């Protein structure tokens with residue numbers, strides 16, 4: 001049980017959280033929410049180092065705390081990905097290496113106590129899965145979107161997003177008693193988010209996470225902690241339940257504040273009326289003292305959403321926006337698109353989804369016309385494209401003021417249009433003169449998004465526009481896209497965003513673009529979440545007999561086949577692991593028996609020697625039976641793994 005009592009947090013001389021108190025149970029999965037800059041990350045940092053909390057944070061003795069945060073990106077090394085993430089088991093790996101080294105160096109000793117200690121150590125290592133560390137690390141990394149071929153890649157050759165995935169995997173594998181996750185979904189795609197959801201739901205200890213993904217919070221969390229107006233509020237249940245409870249609380253607070261104001265008005269009228277009458281002096285003083293002691297109820301501060309702003313395209317395009325025919329796109333060793341074709345019509349607001357590595361961002365650049373490919377790309381009449389890249393904020397001029405930079409991005413707009421657009425993206429008058437360089441990541445993302453929509457283009461290509469946005473900013477983006485009169489293709493890992501703004505789905509898999517002619521919510525309701533399966537390697541699309549689902553039924557059938565294969569593979573891994581453990585125990589037992597039989601004292605006792613010989617013969621028979629079984633299981637597992645890779 002983690003207990004926080006009357007904790008106050010500040011940053012940069014500004015008080016962020018006042019007198020926060022809460023408890024986190026042993027199996028709580030809690031979310032910490034609030035506007036950008038309200039103190040969420042500051043609170044996580046305080047919990048990660050409870051000794052800095054001035055005695056306000058109480059944690060059980062020896063509680064292990066795991067903390068995932070964005071500053072982990074600064075770590076770099078030339079070690080392999082597998083080596084870096086395996087350090088989550090650093091002590092256990094060193095213990096295993098020491099055990100294996102002692103077996104090689106001390107084979108000649110006849111000390112029975114030594115061999116008994118070695119057998120006990122083997123049991124302990126086996127119990128702690130010390131001989132499966134690399135397999136567990138690889139399984140976790142594959143769940144987060146890596147391929148088996150990535151395991152030996154130097155860590156410093158990975159991009160920032162993939163480094164963050166690796167660091168997330170490392171923290172998860174530590175299995176701490178308190179798991180703190182600051183924006184874990186920011187660098188994940190839909191398959192990896194689904195995997196993380198399953199992981200958190202199965203996690204046996206406390207979890208406190210910061211996320212702006214409503215669907216993720218609804219699926220993972222059973223408590224919500226909100227920082228609002230410097231106070232921390234605690235709610236039971238998922239995000240939807242929090243919204244209902246907060247609405248009820250605010251209504252009660254409004255009513256209580258209104259009643260208190262009426263009471264205060266009544267008391268003040270009494271005081272003003274009789275303040276100067278000697279006969280009422282005692283009563284007046286008594287009421288003044290009571291008012292001074294009374295705890296005042298805060299007035300509910302309305303959030304006040306910014307006004308909606310309509311982003312109107314300059315020109316109306318033709319009916320057909322773009323047509324891709326027989327598109328082929330490959331990178332060395334990877335086939336992303338194989339004879340892919342699709343049509344994009346006016347009014348289509350498309351959710352572009354697919355497994356990790358299927359080529360979604362590449363397809364956006366092909367649509368834009370900046371990516372080379374083989375095939376035909378036919379652009380429609382009067383189509384004007386605007387593109388929002390994942391790293392769009394890096395192109396901002398940090399020296400400009402917010403208003404000047406917005407005017408630079410929207411050169412054909414008036415100052416009033418730009419101010420109105422910035423207001424729609426939650427910037428107020430006081431923000432206009434701020435240098436871009438001091439803006440938060442979320443503020444920079446909103447600025448860049450306003451620039452794309454102010455281009456007055458009629459066709460948008462949006463790659464993860466919701467990254468780094470808090471929930472209020474995501475709602476502002478939803479408002480803008482719902483009001484947008486043009487068309488767009490949207491890549492996003494926020495399922496709530498996709499459900500709110502898209503009327504068609506392009507699902508990229510097996511080198512093809514499969515079109516679902518309905519909204520994203522209907523797509524997932526009918527087909528489930530096909531990306532939840534381990535993604536096929538891109539090379540699979542080049543196989544002549546590869547599955548090519550041409551209908552919803554085929555996709556569902558392929559999904560079920562993948563589920564069956566995954567269960568078969570998991571069973572084979574369990575059976576092979578069990579046989580390997582049994583074989584290790586038997587061989588360790590044989591070594592101990594041989595050492596005992598070499599003891600002169602035991603040899604002199606015929607009955608003891610005979611008993612040891614019988615036990616040794618049984619152990620050798622067990623080894624003889626286990627070894628070919630293990631070999632056959634290992635061969636079957638290799639075949640299944642190879643099949644999965646292909």
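Table for the structure above
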{"read-out": "Over the chain, equivalent-ellipsoid semi-axes from the Cα gyration tensor in Å", "value": "54, 41, 20"}
{"read-out": "Potential lengthening between residue 99 and residue 372 on full extension [0.36 nm per residue; Cα-Cα distance subtracted]", "value": "92.9 nm"}
{"read-out": "Calculated on alpha-carbon atoms, Rg and Dmax of segment 142-201 in Å", "value": "11.6, 32"}
{"read-out": "Gain on full stretching of the segment that runs from residue 62 to residue 584 - 0.36 nm per residue minus C-alpha separation", "value": "184.7 nm"}
{"read-out": "Segment 2-242: translational diffusion in µm²/s, Stokes-Einstein, Kirkwood Rh over Cα pairs, 4 °C, 1.567 mPa s", "value": "65 µm²/s"}
{"read-out": "Angle between the chain longest axis and helix 471-483 axis [Cα atoms, degrees, rounded to 10]", "value": "70 degrees"}
{"read-out": "Linear extension gain, residue 515 paired with residue 293, 0.36 nm per residue minus alpha-carbon span", "value": "73.3 nm"}
{"read-out": "Over segment 320-548: Kirkwood hydrodynamic radius from C-alpha pairwise inverse distances, Å", "value": "18.6 Å"}
{"read-out": "Degrees between helix 90-105 axis and first principal axis of the chain (Cα, 0 to 90, nearest 10)", "value": "10 degrees"}
{"read-out": "Two-site label geometry, residue 78 and residue 258: point separation in nm, points 7 Å out along Cα→Cβ", "value": "7.1 nm"}
{"read-out": "The chain, helix-only ellipticity at 222 nm - DSSP H runs n ≥ 4, -39,500 (n - 2.57), divided by all residues, nearest 500", "value": "-15000 deg cm²/dmol"}
{"read-out": "Relative contact order (%) - the chain, alpha-carbon pairs under 8 angstrom, separation at least six", "value": "14 percent"}
{"read-out": "Crossing angle, helix 441-453 versus the chain [Cα axis fit, 0-90 degrees, rounded to tens]", "value": "70 degrees"}
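Computed from the coordinates by the stated procedures, all read-outs in this text should not be read as laboratory data. Quick caveat, the model's predicted, so the values are computed rather than measured. So basically every Cβ, Gly included, is an ideal-geometry build from the backbone, and we count neighbours across all protein chains shown.
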